[in-house]
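This report concerns only the one structure given below.
The values are calculated or read from the model by the stated rules, or taken from the named source; none is laboratory data. The model shown is predicted, which means the values in this text are computed figures rather than measured ones. Cβ sites come from the backbone with ideal geometry, for glycine too, and all protein chains shown count toward neighbours. Keep in mind that these areas ignore ligands, DNA and RNA; they rest on the heavy atoms of the full protein, side chains included. Shrake-Rupley method; radii C 1.70, N 1.55, O 1.52, S 1.80 Å.
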Amino acid sequence: MPRSSRAASAAGYGELVCQYLELRDQHPGVLLLFRVGSFYEVLFEDAELVARELGLKLSERPSGGTAGPVAQCGFAAHALEAFLSRLLSRGYRVAVCEESEEEPASGVRQRAVVRTLTPGTVTDPVLLAEDRATYLVALVGDGEGELGLAWTDVAAGEFKAGEFDVESAAAELQRLQPAEVLVPADRPVSETLLARWNVTPVASTAGAVEALHLAYPGAQLGDLPRAQAAAGVIVRYLETTQGDQAAPLDPPQRPERGAVVQLDVAAQRHLELVETERSRERVGSLLSTLDQAHTPMGRRMLRDWLLRPLVDVSKIRVRQAIVAELLAGPELRAALGGFLAGLPDLERLAGRAAARRASPEDLRALAAVARQLSSFSQVAAARTPFLRGLGRPRARLAAFAEQADGVLAAPEETLPVKRRASPRLDEALDRVEAAAAWQQRYLDQLRRRQGLERLKLERTSTQGLFLEVPANTPVPPDWTRRGGLQKVERYTTAELEQHAIEVAEAETLVAAEVRALLAELREAAVAVAGETRELGRHLAAADALLSLADVAAERDWVRPEVDEGDAILITGGRHPVIERLGPFQPNDACLHARGPRDQLIVLTGPNMAGKSTWMRQIALIVLLAHIGSWVPAAAARIGLVDAIFTRIGAVDDLVGGRSTFMVEMLETAAVLRGATDRSLVLLDELGRGTSTHDGMAIAWAVIEQLATGPARPRAVVATHYHELAALGLVHPQVSLLRAAVEEQPGAIRFPHRIEAGAADRSFGIEVARLAGLPGAVLERAREVADTIEPLSAEIARRLGACPPTSLPTAQQ
C-alpha cells in the first residue's frame, strides 16, 4: 500500500483516500477514525480489524480514482464515545480525525487529527471507569534484575516513580492493574512480567531523563536513575500523544518503601481484595462488601487503601479515631453522606480544569462545590482535625465561585453564559434579537400576499436562511430559487440575503464573546485546580472513612487494638464477605511471632470443613485493622505485620507455561524468601500435584523452616497430610488445630468450627459420597484406604518420635 500521499495519488487513489493515508502515516501505530460527513470511517486493513473488534459490517468505498474500491467500515458520529471505549478497553490506540469547518473552494474538505487517545491517557469521564484509577505505567529494565517503575493516573494527576526488584514490580503491577504499559526497546524487561498487561513499545529511553527534568526541574528522584528514566518515558509519551493538551501532573513522587503492608501477587489474588480470583469480578470481593462510598473518588480511595494497608500505628490510629467519631454520631454520618452524595468527581474535574478542558458543566459543578463547602457547618464541632478541615474556608475557591456565578447561565438556558456577563455580549445579543424580530415582521408581510399564506422562513446549516413554499406555488419574479424537495420549493430574496449577512455577523460576535468569557473562566479554574485536587483527595478519604463507619455500624464490627506487639488474637472472628450470606460460625485465632507456643498452626481436616475460610478471615481481619477499619469479631488485638503471604489454592499458569505444582512451588519459594518475624503467612495444601511422599516431605520441610528458621513469622499451614500433626510433638511452637467433623450414621456434617487437636483421617471418601460417586467405586476406595491407613499411622509415629536432626532414612 502507498506510504505517502504522492505515492497514493500515483497508485490511482482519489483525494479523500490520499488524505486518509497521509494522516495515517503521520500517526503510526494508531487506528485513525476519519470523519466523513456524519460518519467516522476506517479504511484498508485497519477496516478489517475494526470491523472484527466492534462487530461492524465490512464493506467497500470507491477509491475516488483509477484504483479499485478499498475496504471500509464505519459508524455514526453520535456513537463515537461508545466505540472509542470498546477499542481502548481492547488495548488499541486511536486518533480521532475531524473535518475542517470551512467549505473548500474545490476538492474535498481538509481534515486533521484533533486528539489521540490511548488506554492509559484518557481523561474523558465517559471513557473512564468510575471506581478505579486508569494507570499509565512505564517499565525500564537494566539487565541486572532491578527495574525502574513509574505510573500516573492522568485524569487525577497522580505521578509516582521508584525502583523495584522483579517480585516487587509484579506486585505493584497487580495493585495498579495498568491500562497501558510502556516498555522502551533499549531497556526491555521480562516477558513473564508483562504477560497479563497491554504493552505499548516505545523507541528508547534516550533523552527521557532530560525530558523529565525539563518538565519537573524539582523532581526528587536524583538517586534513582532507573526511576528517572521510567518517569521520563511517561513524560515524553504524554508530550507525543497529547501535545499541548496534556493534563498537568503532580511532580513525580517516590513511593514510601516500608510504609505499607507488602502484598505480593499471590496474596492480592488469593485474598480477593478487589476482585474474585476465578471470575475477576468486583462482586464477591472484600472491596464490594466494604464499599458504601457516595462518590467515585471515595470508591477509588477505598480500593487503594485495601491494596496498600498502613504499617504505621500512629497513622492507623488517626483513621480509627475518625471512624470512631463517625460511628458515635449518626447525625454527623447522615450529614456527611448527604453532602458527599451531591459532589462531582473533584479529582478528575481538577485534572480537566488544569488542562483547560473544563466544560461549562464542570465549571458549574466546581462553583457549586465551593458554595456547598461554606454551608457545610456540621463538621465545625468535630473532635478530629481531619473532619473539622472539611469545613475550612477556601478563599480562592470561594472567589472562583463568585466569578462563575456572574458568568455562567443555568443549565437549561440556550447559552452557557448569562446575558449580562459582558457589555459586548449584551450588544451582540441585542442584534440577534433585533434580527429575529425583523424576520417575523418580514414573514408576516410576505404572508399577506395572495397565495403565500403557507409561506415559511427556514434555516439549515448548509443553505442558511431561505423561504419555503409548497411546490407549484406562484412566487414573485424577483425571488431566486435555491432548490427544493419533493413537496416544497426554496427561495431567497435580496432583502433576505442582506439580512442573513447581518445575522451571521451578530451570531459570530455572540459566539466569540461566549468563547472569550468561558476561556477567562477556564483560566480562573486553572488557578484553583491544585486546591481543587487537594480538596478532592480530602473528600475522597472522608468518603472512604464514612464507608468504613457505616459498615461497622450495620454489621456489629468492633474496633481492633492495633499495636507493635507480636500477637494476633481474634475472638469470635468472622469472614467479612461470607458472613453476609447467612448465619456464620465464629472462630478464634491465636498466633505469636517467635513465640514458644502458637507461632505456627498446623490445621488439618477435610475439604468443605472451613479451613480455607478460616485462614482467609484471619488475613482479612488483620488487613482491615491495618487500614484503620473496624473488624468482624467479638474482639481483636492485632500486632503489626509487615507483609501478608498467602498460598491458598493454585491454578495452572497457562500463559506462563507453568503447571499447578510449579505455581505452588514458586509461590512457596517467594514466601520463604520474603517472610520476616513480622509477617503473616498462610499456606493451604502444601505439596499437592506430586507424589504423596514428595508432597508430604516438602510440606514437612517448609513448616520446619517457618518454625525454626532465621525468620519465625506468625503462620498457618493447612494440610490433608494428617501425618504432619507429628510436628506438634517435635516442635513446641507448632500448635495443632482441626476443622471439626460431626459423624452421624451414614453421613457427616461440617459445622465449620475450628478446634484444638489434629484430624486422624481426611474424610475424603465421605466427601466423595456427598458428591455422588457410584457405590461400587466408594466401596473399593474404602478397601484401599483400610490397607493404606496403617502405613500412614506408622509414618506419623516414626516422624513424631525423632527430632529434626535424626529423622529416619530410607535405609533405616
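Ligands, DNA and RNA are left out, and with a 1.4 angstrom probe the accessible area of the stretch 583-653 is 27 Å² per residue. Averaging sequence separations of C-alpha pairs under 8 Å and six or more residues apart, then dividing by the length of the stretch 435-490, give the relative contact order as a whole percent. Value for the stretch 435-490: 24 percent. Rounded to the nearest 20 debye, the dipole magnitude of the chain is 960 debye, with +1 charges on Lys and Arg beta carbons, -1 on Asp and Glu beta carbons, and the Cα centre as origin. Between Arg481 and Ala11, the FRET efficiency estimated from the beta carbon spacing at R0 = 35 angstrom works out to 0.25. Against the chain, whose longest principal axis is taken from its Cα atoms, helix 166-176 shows a tilt of about 50°. Using a Förster distance of 41 angstrom, determine the FRET efficiency expected from the C-beta separation of Ala527 and His78, and round it to 0.05. Here the calculated transfer efficiency is 0.70.
Determine the gain in length on full extension of the stretch Ser288-Asp760; use 0.36 nm per residue of separation and subtract their C-alpha separation, reporting nm with one decimal.
Full extension of this stretch gives 166.1 nm more.
The alpha-carbon atoms of the stretch 570-646, seen along their principal axes, cover 36, 33, 21 angstrom, with the largest extent given first. In this structure the amide hydrogen of Lys418, modeled in the peptide plane, comes within under 5 Å of the amide hydrogens of Leu408, Ala409, none closer than 5 places in sequence on its chain. A 1.4 Å probe, protein heavy atoms only, puts the accessible area of Leu770 near 100 Å². Remark on the stretch 655-791: hydrodynamic radius 17.0 angstrom, per the Kirkwood mean of 1/r across alpha carbon pairs. Label positions at Leu729 and Ala471, each projected 7 Å from the Cα along the C-beta direction, are separated by 10.5 nm. Calculated on the alpha-carbon coordinates, the convex hull of the stretch 331-475 measures out at 189 cubic angstrom per residue.
When the chain is fully extended, how far beyond the present Cα-Cα distance does Ala410 get from Ser691, taking 0.36 nm per residue of separation?
Extra length available between Ala410 and Ser691 comes to 93.8 nm.
Principal axis extents of the C-alpha atoms in the stretch 148-293 (largest first, rounded to whole Å): 45, 34, 30. Note that the stretch 213-219 has calculated 3J(HN,Hα) couplings of 5, 5, 7, 9, x, x, 4 Hz, one per residue in order, obtained from phi through the Karplus relation 6.51 cos²θ - 1.76 cosθ + 1.60 (θ = phi - 60°); glycine and proline are x.
Let's test the formula: R0 of 60 Å, r as the Cβ-Cβ distance of Asp244 and Arg449. What FRET efficiency results, to the nearest 0.05? Step by step, r from the Cβ atoms, then E = 0.60.
Across the stretch 79-209, Cα-Cα distances exceeding 18 Å account for 60% of all pairs. Whole-percent P(r), the stretch 493-590, all Cα pairs, 10 Å bins from 0: 11, 18, 17, 12, 11, 11, 9, 7, 4, 1. Shown here: the stretch 374-427, whose C-alpha atoms stretch 54, 22, 12 Å along the first, second and third principal axes, sorted largest to smallest. Per-peptide packing, taken as the mean over residues of other Cβ atoms within 10 Å, places 414-420, 292-298 in the sequence 292-298, 414-420 from highest down. Residues whose amide H comes within less than 5 Å of that of Gln599, counting only those at least five positions distant or on another chain, are His592, Ser735 (H built at 1.01 Å from N in the peptide plane). Overall, the accessible surface of the chain at a probe of 1.4 angstrom is composed of carbon and sulfur to the extent of 53 percent. Cα-Cα pairs above 18 Å in the stretch 533-683: how many percent? Summing the P(r) of the stretch 533-683 above 18 Å gives 64 percent of all pairs. Temperature 4 °C, viscosity 1.567 mPa s: under these conditions the Stokes-Einstein estimate for the stretch 126-186, based on its Kirkwood radius over C-alpha pairs, is 106 µm² per second.
Tell me, rounded to the nearest percent, the portion of alpha carbon pairs in the chain spaced more than 38 Å apart. So the pairs more than 38 Å apart make up 56 percent of the total in the chain.
Listed highest first by mean packing, meaning other Cβ atoms within 10 Å per residue, what order do 160-171, 322-333, 597-608, 502-513 come in?
597-608, 160-171, 322-333, 502-513
Computed over neighbours whose Cβ is under 11 Å from that of Ala71, the net charge equals -4, Lys and Arg +1, Asp and Glu -1. Partner lysines whose Cα lies under 30 Å from the Cα of Lys456, excluding those fewer than 8 positions away in the same chain, are identified as Lys487.
With an 8 Å Cα cut-off and a minimum separation of 6 or more residues, compute the relative contact order for the stretch 570-679 in percent.
On the way: 111 pairs, mean separation 30.9, N = 110.
Computed over the stretch 570-679, the figure is 28 percent.
Each of Leu452, Ala436, Leu465 was placed along the dipole of the stretch 421-465 (beta-carbon charges, centred on the mean Cα), and the one lying farthest toward the positive end is Leu452. Taking amide hydrogens as placed 1.01 Å from N in the peptide plane, the amide H of Gly639 sits under 5 Å from those of Asp563, Ala567, Ile568, Leu569, each at least 5 positions away in sequence or on another chain.
The long axis of helix 775-800 is offset from the longest Cα principal axis of the chain by roughly 60 degrees. According to the calculation over all Cα-Cα pairs in the stretch 448-548, the P(r) per 10 Å bin from zero is 12, 25, 16, 12, 11, 12, 10, 2 %.
Since only Ser735, Cys97, Gln292 are under comparison, the one whose Cα sits farthest along the positive direction of the charge dipole of the chain, derived from C-beta charges on Lys, Arg, Asp and Glu, is Gln292.
The Stokes-Einstein estimate for the stretch 214-276, based on a Kirkwood radius over Cα pairs and taken at 4 °C with 1.567 mPa s viscosity, is a diffusion coefficient of 89 µm²/s.
How much of the DSSP beta bridge set in the chain is antiparallel, as a percent to the nearest 5? Close to 65 percent. Could you give the angle, 0 to 90 degrees to the nearest 10, between helix 80-89's Cα long axis and the longest principal axis of the Cα atoms of the chain? For 80-89 against the chain, the angle is about 30 degrees.
Just need the relative contact order of the chain here, percent rounded to a whole number, with Cα pairs under 8 Å and 6+ apart. Computed value for the chain: 9 percent relative contact order.
When each of the peptides 123-130, 230-237 is scored by the mean number of other C-beta atoms lying within 10 Å of its residues, the order from highest to lowest reads 230-237, 123-130. About its Cα centre, the dipole of the stretch 14-144 is roughly 300 debye, where the only charges are +1 on Lys and Arg Cβ and -1 on Asp and Glu Cβ. Residue by residue, the stretch 260-274 carries 3J(HN,Hα) couplings of 10, 5, 6, 10, 6, 4, 4, 5, 4, 6, 5, 7, 6, 5, 10 Hz when phi is fed to the Karplus relation 6.51 cos²θ - 1.76 cosθ + 1.60 (θ = phi - 60°); x denotes Gly or Pro.
Building the convex hull from the alpha-carbon atoms of the stretch 252-320 and averaging its projection over directions returns 5.9 nm².
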